Amino acid sequence: MTSAKKILCAVVFFFLSFCPFFLRAQEKTIPPKTIPELQRAIEAVLKRTGTPGVGVALVQGDSAVLVAGLVLANREKKINATENTLFRIGSVSKMFVSLAVLKLQEEGRISLKDKVRDLAPEIAFTNPWEDTAPIRVEHLLEHTTGWDDMHIADYALNDPNLTLKQGLDFLPDTRTSRWMPGTRMAYSNSGPPVAAYILEKLTGQRFEDYIQAHFFQPMGMTTATYFASDLYRQQGATLYVNNDPQPYWNISVRPSGAINASPKDMAQMLRFFINRGQAGGRQLLSAASLNRMETPSTTTGARAGLDYGYGLANYSTPFKRFVYRSHNGGVNGGMADFSYLPQYRVGYAIMINSLNGNALHQIGELIRNFQTAPFQGDSARKKPLAEEFDDVLSGYYIPINPRVQKMYFQQRIVDVKRLWRNKNFLFSRNLFGGGLETHVAVTDRQYASPETGKISLVQVNDPLAGDVVHLGGLVLMRVSPFLAVGQYVLSLIWIVYLLGSVLFGSIWFIRYWRTRRGSQETRHLIQWPFLTSLLFLATTIVGIIGGADPMERLGKVGFVSVSGLILSVLFALAAVWSVITLIRQRKPNGSRTIYWHTAVLAILHFVATCYLTWYGAIGVPTWQ
């Protein structure tokens, strides 16, 4: 066979071999147009992502377009998911806290503007600005208290018999305002249960009982429950993490995320929002209250006109020319997405029994494309600014509203944003690519999304940080290009040196122990930076092991959690001792090349130690 024929055969064989993959890729780009097509597409996502099953509810007006459980509720027993299978909806549960508070406000028993200190003085929290900027009920529901999120130990408190007050009393130190309340949003699972506790005081009822009587029953959510009830044990989907079945998680503050609900229940919940508070022929809540729930109001960005953001347990989620109102949720082994378009009276709920965000996202994209296909998009668009003005926003920015304070050391490095302007268009993206967004000027301090016409970015004055940018839920502070790029580059250099030292040091010490070649002085020179690198790697490995089951391995006192604390402290001590050793041996008799490379590594370790210590990431007792 000639060379040309061989090449031709190879090309034909390649095409025939991979043709099915090309065809499948093409099929995936065609949005489903009918319910059977949508159902098949969702099942294909489940198969492709290894997700056991899903509960789906699609509603349009008063009609349920699709209410079903697809594929498996339990892999081991081969139990199929159905419309009655109970899934865990996680933080979607927070929406009921806001609904309950709004109902009490309509009855004149509470106000969103009420001070939390006046309503519940027995609930511990710290707010350095309480005299001038007190925490109010609406701050609890919009996550603008400035509080840190709950710690791992809170999540690990797996006791079904806890009262709400006992759950709140467990680790009250997380409820400390890090900035002035009512300025920045940072998601915190601590806020809504405090609001739920206030509701218990006002009504004299357990929160879960109040929701059952005033919302679940009249809305027709007949199987929804906050507990591992007998019905849940019979009809609940088994949750999976890496294909391993998970035990039931009794959340210590149930209002934040404990609800179990079926696709039928979620269809009723969608109808309630789509019909603007009506259920079963009754007006359970006014349309005005739902409008307030869907309107971010308490950040400086929201007061400056920002449309994107978090209302009262209610996100704005842009999709093409539309903005869904939504909330998502996740528990150990389950995820959920609840979204609706009030002006078009459509919505959906997705619940999967796997911790697979990719699967949830793909199914959500399929449904959103299907639901929005008949519509043209929102016509109420902001008018772009005609004249040009001075560019004061181009530059580099770091986020200053971390959800988890202990992880801020990482976020401020990897989540750097770059903003730049071209005429009256402002672009934002992550420092090294990805996440590109476009905004068009409507005033000199307000920018709108070209797709939805909603205000997506504003410049405001923060009481602590000065001029900042609110980009959706992010609050960004401008920094110098040197700091933005320098901290990232320095981190990469440190990691490269660290890994190189482990490789080089291992080879050197193995050869030294076998042949005794190499000087004692060189051994003393490199052993401490080498040991420091090993300790950091060991700390990282322990963290990865703990992260595979964080509530059990990190949220409680045990081998993994204690080892992580000890290893991180040893790393810091070794880093300091490495510098001291190098100073003592600053006039080496051996190789100066080895000395200076070792000196660079030791200095990098020391800088990393100072940085991690400053942000509280050394010696962390994760069980507290």
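Bear in mind these aren't lab numbers, they're just calculated from the coordinates by the rules spelled out. Just so it is clear, the model here is predicted, and its values are computed rather than measured. Don't worry about glycine lacking a Cβ; one is built from the backbone with ideal geometry, like all the others, and counts go over all protein chains shown.
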Query raised in the report: What's the percent breakdown of Cα-Cα distances in region 483-614 across 5 Å bins, shortest bin first?
Result: 2, 11, 18, 19, 18, 14, 10, 6, 3, 1, 0
Requested in this report: Can you pull the one-decimal nm distance between simple spin-label points at VAL485 and ALA373, each 7 Å off the Cα toward Cβ?
Outcome: 4.7 nm
Query raised in the report: Rounded, prolate or oblate: which fits region 87-372 when a ≥ b ≥ c are the square roots of the eigenvalues of the alpha-carbon gyration tensor, with rounded for a/c under 1.5 and prolate only if a/b beats b/c?
Result: rounded
Requested in this report: Evaluate 2.2 N^0.38 Å with N set to the residue count of the chain, then give the Cα radius of gyration divided by it.
Outcome: 1.09
Query raised in the report: Mean separation of Cα pairs under 8 Å and 6+ residues apart, divided by the residue count of the chain: what relative contact order is that in percent?
Result: 14 percent
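Within region 419-482, report the trypsin sites (Lys or Arg not before Pro) that DSSP leaves as loop and that have at most 10 other Cβ atoms within 10 Å.
LYS423
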Report summary line: Between GLN343 and GLN39, Cβ-based FRET efficiency (R0 30 Å, step 0.05) works out to 0.70
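Over region 323-473, what is the relative contact order in percent, taking alpha-carbon pairs closer than 8 angstrom and at least six residues apart?
Once normalised by length, the contact order is 13 percent.
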**Report entry** Cα long-axis angle, helix 520-547 against the chain (0 to 90 degrees, to the nearest 10)
**Finding:** 10 degrees
Report task. For an R0 of 60 angstrom, estimate the FRET efficiency from the Cβ-Cβ distance between PHE227 and ILE493 and round to the nearest 0.05. Result -> 0.70
Query raised in the report: In whole angstrom, and with the biggest value first, how far do the Cα coordinates of region 277-390 range along each principal axis?
Result: 52, 37, 33
Report summary line: CD proxy, 222 nm, the chain: helix-only mean residue ellipticity via -39,500 (n - 2.57) per DSSP H run with n ≥ 4, per residue, nearest 500, stands at -13000 deg cm²/dmol
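Assuming 0.36 nm per residue, please report the length gained on full extension of the stretch ASP118 to ARG206 beyond their Cα-Cα distance.
Taking 0.36 nm per residue and subtracting the Cα distance, the gain is 29.6 nm.
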Query raised in the report: How much length, in nm to one decimal, is gained on full extension between TRP513 and ASP173, taken as 0.36 nm per residue of separation minus their Cα-Cα distance?
Result: 117.4 nm
Requested in this report: Would you kindly derive the ³J(HN,Hα) couplings of region 448-461 from the backbone phi angles with the Karplus curve 6.51 cos²θ - 1.76 cosθ + 1.60 (θ = phi - 60°), listing them in order in whole Hz, with x for Gly and Pro?
Outcome: 10, 6, x, 7, 9, x, 8, 5, 10, 8, 9, 9, 9, 9
Requested in this report: Would you please name the GluC sites (Glu not before Pro) within region 347-454 that are DSSP coil residues with at most 11 other C-beta atoms within 10 Å of their C-beta?
Outcome: GLU387, GLU388
Query raised in the report: With labels modelled as points extended 7 Å from the Cα through the Cβ direction, what inter-label distance (nm, one decimal) is found for MET407 paired with GLN624?
Result: 2.2 nm
Query raised in the report: What distance in nm separates the simple spin-label points at SER506 and ARG303, each placed 7 Å from Cα in the Cβ direction?
Result: 5.6 nm
Report summary line: The Cα extents of region 51-149 along the principal axes, largest first and rounded to whole Å, are 58, 34, 19
Query raised in the report: For helix 3-28, what angle does its Cα long axis make with the longest principal axis of the chain, in degrees from 0 to 90 and rounded to 10?
Result: 40 degrees
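Return the tail of the calculated pair distribution for region 395-479, meaning the percent of Cα-Cα pairs more than 23 Å apart.
Values: 691 of 3570 pairs.
Result for the distance tail: 19 percent.
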Report task. Using Cα positions and a limit of under 14 Å, work out the aspartates and glutamates in reach of LYS264, with same-chain residues fewer than 8 apart set aside. Result -> ASP62, GLU83
Query raised in the report: Full extension from GLU365 to PHE559: what is 0.36 nm times the residue separation minus their Cα-Cα distance, to one decimal in nm?
Result: 65.7 nm
